[in-house]
Each structure stands twice: as C-alpha cells, then as structure tokens.
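Asks: Take this structure, written in structure tokens, and hold onto it; I'll ask about it next.
Bear in mind that the values in this text are calculations on the coordinates, not laboratory data. Since we're looking at a predicted model, the values are computed, not measured. When we count neighbours, we look across all protein chains shown, and the Cβ atoms used for this are built from the backbone with ideal geometry, even at glycine.
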C-alpha cells in the first residue's frame, strides 16, 4: 500500500505516491528487481489525470517496443484532450495493463494502482533513476505547474 | 486553467403576469409563471427553463462525449423531470432532476456489452462536465435506456 503526499490547490486535492520516482511532466516509475532485471512499472500521476479529465481510450505502444527516455510510449484520448506520455527511462516495453482496453477509467480511478499503464524492462535503471524526481521534488514541480495554469485565468 | 466566460439574458415586464425574454444567443420569447403559480398556459416558464437548461446541457455534453468515446450515435431523446419541494417556510426548491435519455447507437462490429459500457461512461462524463448540471444543487439522476443496433438501417 503506497503512502501519499497530498496538496490542495484551488479546490482540488492532488496526491503524490511517496514510493516512486517521477518525470516532471507527470509520469511515474517504480522499479522492482526480478531475475537480475529491473522491471519498471509506469503510469501517470493523480495531477495529470485530473488535469486532463476522463479517459476515453488509452493507447500504449505494443510489448517489444524499444524506448529511449523521452520517447512517446502512450497516448491518452480523454474527454477534453489528447495527451502524449513519454518514457521516463531507456528500455523495452514488456507488459501493457490489460484493463486499459475495456476499462480505461481505471486510470482516473486509481492512477497509482490499477490504472498503471505499462512495465518497461530497464536498460540501466540505476542510471535512469538518478535523473528522475523523488516525490517531494515532483510535488514542488507539480504545484508550480498548477499555479501557472491558475494564472491563465 | 481557471478561465471564466459570461452569458447574459434580459427580461422585461410586459404587464400583468407576462414578461419578455431576450437571450444572449439571439432568441426572444414571452414568458410567464406556470398556471398553478398564477401564470399562463402555453408559454415558457422559469420552471421549464430550469429543467430544460439541465436537459439541453447534458445532451450537448453527451454529443461531445460520444465523439470522444467514438460512439456512433443514431438517436438521442431525453425526457427530464424536475421535482419541486415546497418547504415549511413556503420557500421552494428543485430537489431532484431526473433525466431519462433513450439512446440508440450502432455496434459497428463491437460487442454490444462493450458499446453499452462506453455509452454509460460517456453519460457519466456528460453529467460530470455539464456546466449546468455542475451548477445546480438539485440531485441529478440519469436513468438511460440504451439500445445497441447491430446494423443500422
């Protein structure tokens, strides 16, 4: 069970799972070692899912796709926008969340849990993880982004 | 992202229990109160306007949601009913809005249960993102009847 940092911006409450690492744009990554490989589960943050609205379709690139950090690995079609998601690490997509096909709303309902997107077999997890933000740093980046969005009013 | 927009209407008293309504988007019409509230039959009333505002707004939002959810809509018709409560102090409130849409969609070769699930999600999004539905304090209940048509004629 993840623990969460929580912040309120305007009338919205956003949670950040404390047990994982983040791209500043809102993709999370959590690694687990298995048979000398690092398998990194990825998804999008509570902030990113709230910002973009109800997910209608989630298109994740197929298993076997080779990725460099920063490559697009998924696109979400939401009620309000199309959202490209970029890989936090170098590696190969090895698993796609099977629930996304018929129930993509799990991304909105449980962005840090059942709404995970994919598993990437990392090429060099130890090197890539050093380039990602921890939960506190992501929370700061997220707050800054949200405050910029609010200034657009 | 906290953007604002304004909409306007103008009402003008025409004598007795009659008024003239000019809507910001162009139409003009006479209005009165309902006959049971000392008004006239056969004309627009605030009560009808309130129920119609929610009904029309949810429908327009559903049309948008249907496009985003890639639903081939064949027909949509919705009867809406507002329930008024007269309180002990004689103030009145719409406590409940009940929307009963009849929705026909094409299966387009997809499994009917999958199409129906998408229609229900689109309806939930329509309710969530409807400006008017979001703005009222009445309970809003949507009771859809959904027909999936294999081969539309």
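Asks: In vacuo Debye scattering of chain B, one point per C-alpha: log10 I(q)/I(0) at q = 0.08, 0.19, 0.20 Å⁻¹?
Replies: With no solvent term, the Cα-only Debye profile gives -0.31, -1.18, -1.23.
Asks: Please order A:100, B:74 by the number of other Cβ within 10 Å, starting at the fewest.
Replies: Ordered from fewest to most neighbouring Cβ atoms within 10 Å, A:100, B:74 come out as B:74, A:100.
Asks: Here's another thing I want to ask about it. Select from B:128, B:70, B:14 the residue whose mean-square fluctuation is largest in a Gaussian network model of chain B (Cα-Cα springs shorter than 10 Å).
Replies: Sorting by GNM fluctuation, first place goes to B:14.
Asks: So if the hydrodynamic radius of the protein assembly as shown is defined as the Kirkwood radius over C-alpha pairs, what does Stokes-Einstein give as its diffusion coefficient at 37 °C and 0.692 mPa s, in µm² per second? Kindly include the intermediate steps, with their values, before the conclusion.
Replies: Working: Rh = 22.6 Å.
It comes out at roughly 145 µm²/s.
Asks: Further question on the same structure: I need A:28, B:18, B:13 ordered by Cβ neighbour count within 10 Å, fewest first.
Replies: Ranking A:28, B:18, B:13 by Cβ neighbours within 10 Å, fewest first, gives B:13, B:18, A:28.
Asks: By per-residue mean of other Cβ atoms within 10 Å, what is the highest-first order of A:16-24, A:67-75?
Replies: Packing proxy ranking, top to bottom: A:16-24, A:67-75.
Asks: Under the definition of partner shielding as Cβ atoms of other protein chains within 10 Å of a residue Cβ, what is the mean value for peptide A:65-78?
Replies: On the way: counts 0, 0, 0, 0, 0, 0, 0, 0, 0, 0, 0, 0, 3, 2.
Partner Cβ neighbours, averaged per residue: 0.
Asks: What whole-number distance in Å separates the alpha-carbon centres of the stretch A:92-153 and the stretch A:1-71?
Replies: What the calculation gives is 1 Å, centre to centre.
Asks: Next question, about the same structure. In terms of the ratio Rg/(2.2 N^0.38 Å) built on C-alpha atoms, what value belongs to the stretch B:1-58?
Replies: Ratio of Cα Rg to 2.2 N^0.38 Å: 1.31.
Asks: I've got another one for you. Dividing the Cα radius of gyration by the Kirkwood radius, what Rg/Rh value follows for the stretch A:67-149?
Replies: Reported Rg/Rh (Cα atoms, Kirkwood Rh): 0.98.
Asks: Would you mind giving the mean number of other chain beta-carbons within 10 Å of the Cβ of each residue in B:114-124, as a whole number? Display every interim value, and only then the final one.
Replies: Values: counts 2, 0, 0, 3, 4, 0, 0, 7, 3, 0, 3.
Shielding by partners across B:114-124 averages 2.
Asks: Taking the mean number of other Cβ atoms within 10 Å as a proxy for protection, how do you rank A:109-116, A:87-94 from highest to lowest?
Replies: Averaged packing, sorted descending, gives the order A:87-94, A:109-116.
Asks: Okay, moving on. Using a 10 Å cut-off on Cβ atoms, rank the peptides B:109-118, B:82-91 from the highest mean neighbour count down.
Replies: B:109-118, B:82-91
Asks: Continuing with the same structure: Can you sort B:50, B:62 so the residue with the fewest Cβ neighbours within 10 Å comes first?
Replies: B:50, B:62
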